[in-house]
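The values are calculated or read from the model by the stated rules, or taken from the named source; none is laboratory data. Worth saying up front: this structure is predicted, and the values here are computed from it rather than measured. All Cβ positions, even for glycine, are placed from backbone atoms using ideal geometry, and neighbour counts span all protein chains on display.
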Amino acid sequence: MENKPAITKVFLGISLGLLIIMIGLSFYSPVNRAVQKGERINLLLIGCDETENSKRADVLMFVSFYPRQRLADILSIPRDSRVRVPKYKLLRINEFFAYGFKKGGIGEGIALTKEVTQNLLGLEIPYYIQLDFNDLISIVDALGGVTLDITEKMDYDDNWGNLHIHFKPGRQTLNGKQSLEYLRFRKDLQGDIGRMQRNRSFIRALAAKIKSPAIIFRMPQLAWTSMNALHTDLGLYDLVTLIFELRKLNTQNFRQQQLPGKPVSVRGAWVWEIDKIRLEKVTQLLREDPVANDNAAANIRVEIWNATRNREAVEEVTKYLRQKGVDVLTWGNFERILPHTKIIDRTGNIDSAHYLGKILHCDEIETSLSDSSLTQAVIIIGEDWRQKIAL
């Protein structure tokens, strides 16, 4: 009979030895040198869905990590974003990957998508990570699953595509296959916008999992699995550096945004028309060094929208916020009922946004820049408001 405790000790010893070697070698990576200098690290995340003869870039995210403040910016780029490149007769940004892939394979698809995204944002993006959705399964399983708060019932069946998604609301740990189903779901009231919000929630949950103490012994397996699953210009030791930086990062320090714009019809096709004026504000925020605010609670002005069935919610939350030093200027009713409270930061001041998140016990914080409002943030009260603030 095998001696299981002895085998476990050998396994842990090998894992620890590999981990020490990987940490040592990671000091020679370009990403590590950038971290030591406190320089921003920009990368493009491309998630692809594969059809019979093509690949489509269904997920596009610009990610920027600022090591000095341990802050990560995540900018979701809708796959239907309209971009104009004179030499290509293409309408949406996700078509560039498919075009490049058909012309020259994965490398050409990545290069063309990266070039178009850099021109769109006016930012240099030295690194990329391209991941097929099916490869995500092996990465999540290597992590031991990812824990998420599923905010609403998710039911969808596509017999033709062999896709069956069924989740009940609540906190649960998803394996690789379930994570992929969660990310692919888009049959809610918000459609693709809701899917992008879930993508960002998944990234935060992934980072939280990497921070857990138990993950340290999974690091070698995670690194090797990632290298086999990803197409990237990051080396193994660059990835190790980023994983360890993620472990140091407070998951509240994710500033999440979406490319500003609105859906419009062009030649009978729906596209995301980019708001160029607001985009310039977004990219300016991504160029600036974040500045810590030691008095985050001072002079915060908010507006409140009631997304509950309770008429008293606005009055009670307003009273609670004013007791905490927050000035409530306006209020009203939201367009629909929401299960969870949400905070929309209007200025990019992550300290003020997270002060609101702390006093409201709210993790759903997004940035949507605006100068047209007298308020710094919008609070949308969801059905969970009473237990969140213990009124």
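Mind telling me which of the residues 125, 150, 129 ends up being within 20 Å of the chain's Cα centre (by Cα), assigned by TED's automatic domain parsing to the domain that holds residue 218, at pLDDT 90 or above and within 19 Å of residue 204 (Cβ to Cβ)? Give the derivation first.
Numbers: 125 fails: within 19 Å of residue 204 (Cβ to Cβ); 150 fails: at pLDDT 90 or above.
Testing whether each residue is within 20 Å of the chain's Cα centre (by Cα), assigned by TED's automatic domain parsing to the domain that holds residue 218, at pLDDT 90 or above and within 19 Å of residue 204 (Cβ to Cβ) leaves just 129.
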Q | Members of the stretch 79-97 found to be in a helix (DSSP H, G or I) and out of contact with any helix residue (DSSP H, G or I) (no Cβ under 7 Å at 6 or more places or on another chain), listed by number | A | 94, 95
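Residue 332 - would you say it is part of a loop (DSSP other than H, G, I, E, B) and among the small types (Gly, Ala, Ser)?
On the way: part of a loop (DSSP other than H, G, I, E, B): no; among the small types (Gly, Ala, Ser): yes.
So residue 332 fails the test.
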**Q.** From 133, 97, 185, residue being of a type in the set (Phe, Trp, Tyr) and over 25 Å from residue 242 (Cβ atoms)
**A.** 185
Q. Which residues, taken from the stretch 266-290, are modelled with pLDDT of 90 or more and not in a helix (DSSP H, G or I)?
A. 271, 272, 273, 274, 275
Q.
Looking at residue 108 and the list (1) at pLDDT 90 or above; (2) outside any helix (DSSP H, G or I), which single condition is not satisfied?
A. (2)
Q: Filter the stretch 317-345 down to residues that are free of Cβ contacts under 8 Å to residues at least 24 places away in the same chain and among the polar types (S, T, N, Q) and give me whichever is farthest from residue 153 (Cα to Cα).
A: 323
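It is to be established whether one or more residues within the stretch 305-323 are assigned to a strand (DSSP E or B), surrounded by 12 or more Cβ atoms within 10 Å (Cβ to Cβ) and at pLDDT 90 or above.
Of all residues in the stretch 305-323, those assigned to a strand (DSSP E or B) come to 305-306.
Narrowing the set further to residues that are surrounded by 12 or more Cβ atoms within 10 Å (Cβ to Cβ) leaves 305-306.
Then drop every residue that is not at pLDDT 90 or above, which leaves 305-306.
Looking for residues that are assigned to a strand (DSSP E or B), surrounded by 12 or more Cβ atoms within 10 Å (Cβ to Cβ) and at pLDDT 90 or above, one finds at least one in the stretch 305-323, hence yes.
Per-residue answers, yes or no, for (1) surrounded by 15 or more Cβ atoms within 10 Å (Cβ to Cβ); (2) in contact with a strand residue (DSSP E or B) (Cβ under 7 Å, 6 or more places away or on another chain); (3) touching a residue at least 12 places away in the same chain (Cβ under 8 Å):
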{"site": "204", "(1), (2), (3)": "yes, yes, yes"}
{"site": "212", "(1), (2), (3)": "no, no, no"}
{"site": "219", "(1), (2), (3)": "yes, no, yes"}
{"site": "226", "(1), (2), (3)": "yes, no, yes"}
{"site": "230", "(1), (2), (3)": "yes, yes, yes"}
{"site": "247", "(1), (2), (3)": "yes, no, yes"}
{"site": "262", "(1), (2), (3)": "no, yes, yes"}
{"site": "269", "(1), (2), (3)": "no, no, yes"}
{"site": "280", "(1), (2), (3)": "no, no, no"}
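Going through 352, 370 one at a time, which residue ends up being surrounded by fewer than 19 Cβ atoms within 10 Å (Cβ to Cβ), modelled with pLDDT under 90 and not aliphatic (A, V, I, L, M)?
Values: 352 fails: surrounded by fewer than 19 Cβ atoms within 10 Å (Cβ to Cβ).
Checking each option against the conditions leaves just 370.
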Q. Is one or more of the residues making up the stretch 62-81 within 21 Å of residue 264 (Cβ to Cβ), out of contact with any strand residue (DSSP E or B) (no Cβ under 6 Å at 6 or more places or on another chain) and either surrounded by fewer than 20 Cβ atoms within 10 Å (Cβ to Cβ) or of a type in the set (Asp, Glu) (or both)?
A. no
Q | Pair list, Cβ under 7 Å, 6 or more apart: the stretch 24-50 residue in a helix (DSSP H, G or I) and modelled with pLDDT under 90, other residue among the β-branched types (Val, Ile, Thr) and crowded, with 17+ Cβ neighbours inside 10 Å | A | 26/240; 26/241; 31/41; 31/241; 32/241; 34/41; 35/241
Q.
Can you find, within the stretch 86-95, the residue that is surrounded by the most Cβ atoms within 10 Å (Cβ to Cβ) among those that are over 24 Å from residue 202 (Cβ atoms) and touching an Asp or Glu at 6+ places or on another chain (Cβ under 9 Å)?
A. 91
